[in-house]
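Engineer: The structure that follows is given in the form of structure tokens.
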Amino acid sequence: MRNLLGVPRIAYFGPSGTFTEIALAQLEAEGAFGETVERVPAGSPPATLDMVRDGSVDGAVVPFENSVEGGVAPTLDSLALGSPLQIVAETDLDVSFSILVRAGTTAGQVRTIGAYPHAGAQVRGWIAENLPQAEVVLASSNAGAALDVQAGTVDAGVSTALAGQMLGLDSLADNVADVGGARTRFVLVTKPAPVPERTGADRTALVLHLDNAPGSLVRALSEFAARGIDLTRIESRPMRTELGTYRFFVDCVGHVEDSLVAEAMRALHRKSGVRFLGSWATANSTGPQPPSDEEAIRWIDQLKHGGGER
């Protein structure tokens, strides 16, 4: 739903100052939209995606996967449930944090520190070593932690340098991360649409709903293995119905226009529930592309037309 000036409206997991807004700016710089966008903050990844579903925005940027903590559960669950959405682009960021405080606050005065769960998990060791007296308090987002500091509800916050600059907060420490080189992948999501063109450096994502029976996961994964398709991620999330029931999130190298990827998807569709999350160009190459089966296609075509063996 574009605004009155015809500018696309893109929601992001906010408020302003989150890594997700930084990722949105990076997608803009990379030309993902082809024009300037109106940025619309939302309070959580599910709320961000629901704005796409109800038509109030044209697309949404949400965190998808972190190299330290894995998949972002609220994003994954929201993509798996509700009306279908589609990932059309991605970008990733180096992620480290600033420990923000109000002016004049010293490390010894910090008794509470606000942190979004994924952020808190990535600086747990630093907090234990440098602020052992501090109780970690849940924040709504990285920028939300900074707002909590500004409001005085916590003494410090695990946040972004951008949020600190925007709110006029001081930093006890910058570039904080228990694991160096951590990266987070962010995705641009729209309503279902024609998939972006194949680039030769693509990723396809699926959600598998498998029978709760012995061997069902092995049989599903064998559809990729038998065709030489490289899996770059597999993750389970509970179905929330009963213990032991899961849905599986699978990313593979390749595009739905690659014949072997499409063939694997058809095979999975015949035997299980499959939700297509999209095929799109990767931000970073992650593995070998699917092998070509053009020669095999030519061979079958030759046999069909009486060419015989050669």
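Values quoted throughout were computed directly from the atomic coordinates according to the rules given, and no laboratory measurement underlies them. Fair warning: this is a prediction, and the values are worked out from it, not measured in the lab. Note: ideal-geometry Cβ built from the backbone for every residue, glycine included; neighbour counts use all protein chains shown.
Engineer: Which order, highest average first, do 27-36, 75-84 follow once you tally other Cβ atoms within 10 Å for each residue and take the mean per peptide?
Structural biologist: Ranked by mean Cβ neighbours within 10 Å, highest first: 75-84, 27-36.
Engineer: From the phi angles alone, apply the Karplus equation (6.51, -1.76, 1.60; θ = phi - 60°) to segment 198-204 and give each ³J(HN,Hα) in whole Hz, x where the residue is Gly or Pro.
Structural biologist: Calculated HN-Hα couplings, in order: 5, 10, x, 9, 10, 9, 10 Hz.
Engineer: Among Asn175, Ser96, Ala264, pick out the residue whose Cα is farthest towards the positive end of the charge dipole of the chain, where Lys and Arg carry +1 and Asp and Glu carry -1 on C-beta, about the Cα centre.
Structural biologist: So the residue furthest toward the plus end is Ala264.
Engineer: Would you calculate a helix-derived [θ] at 222 nm for the chain, using -39,500 (n - 2.57) for each DSSP H run of n ≥ 4 and dividing by the full residue count, to the nearest 500?
Structural biologist: -8500 deg cm²/dmol
Engineer: Among Ala128, Gly244, Thr286, whose Cα sits farthest toward the positive end of the charge dipole of the chain (+1 at Cβ of Lys/Arg, -1 at Cβ of Asp/Glu, about the Cα centre)?
Structural biologist: Of Ala128, Gly244, Thr286, it is Gly244.
Engineer: Could the peptides 181-193, 215-227 be put in order, highest first, of the mean number of other beta-carbon atoms found within 10 Å of their residues?
Structural biologist: 181-193, 215-227
Engineer: Report the charge-dipole magnitude of the chain in Debye, nearest 20, computed about the Cα centre from +1 at each Lys and Arg Cβ and -1 at each Asp and Glu Cβ.
Structural biologist: Magnitude of the dipole: close to 720 debye.
Engineer: While we're here: Considering the options Thr190, Ser141, Ile10, tell which one lies farthest towards the positive end of the dipole of the chain, charges being +1 on Lys and Arg and -1 on Asp and Glu at the Cβ, about the Cα centre.
Structural biologist: Result: Thr190.
Engineer: Give me the percent relative contact order of the chain, please, defined on Cα pairs under 8 angstrom at least 6 residues apart.
Structural biologist: That works out to 19 percent.
Engineer: Once you have the Kirkwood Rh of segment 165-206 from its Cα pairs, apply Stokes-Einstein at 10 °C and 1.306 mPa s and quote D in µm²/s.
Structural biologist: 103
Engineer: (i) -0.30, -0.70, -0.92; (ii) -0.25, -0.64, -0.90; (iii) -0.33, -0.75, -0.97: which one is log10 I(q)/I(0) by the Debye sum over Cα atoms at q = 0.07, 0.11, 0.13 Å⁻¹ as calculated from this entry?
Structural biologist: Among (i) -0.30, -0.70, -0.92; (ii) -0.25, -0.64, -0.90; (iii) -0.33, -0.75, -0.97, the one derived from this structure is (iii).
Engineer: Sorted by mean Cβ packing within 10 Å, highest first, what order do the peptides 145-154, 197-206, 17-26 take?
Structural biologist: With the highest mean Cβ count within 10 Å placed first, the list reads 17-26, 145-154, 197-206.
Engineer: Next question. Suppose the chain between Glu197 and Asn212 were pulled fully straight at 0.36 nm per residue; how much longer would it get relative to their current alpha carbon spacing?
Structural biologist: Extending this stretch completely gives an extra 1.8 nm.
Engineer: With each pseudo-label sitting 7 Å past Cα toward Cβ, what's the Met239-His269 distance in nm, one decimal?
Structural biologist: My value for the distance between the label points is 2.2 nm.
Engineer: Can you list, bin by bin at 10 Å, the percent of alpha carbon pairs in segment 164-310, starting at 0?
Structural biologist: Cα pair-distance distribution for segment 164-310, in percent: 9, 30, 27, 19, 9, 4, 1, 1.
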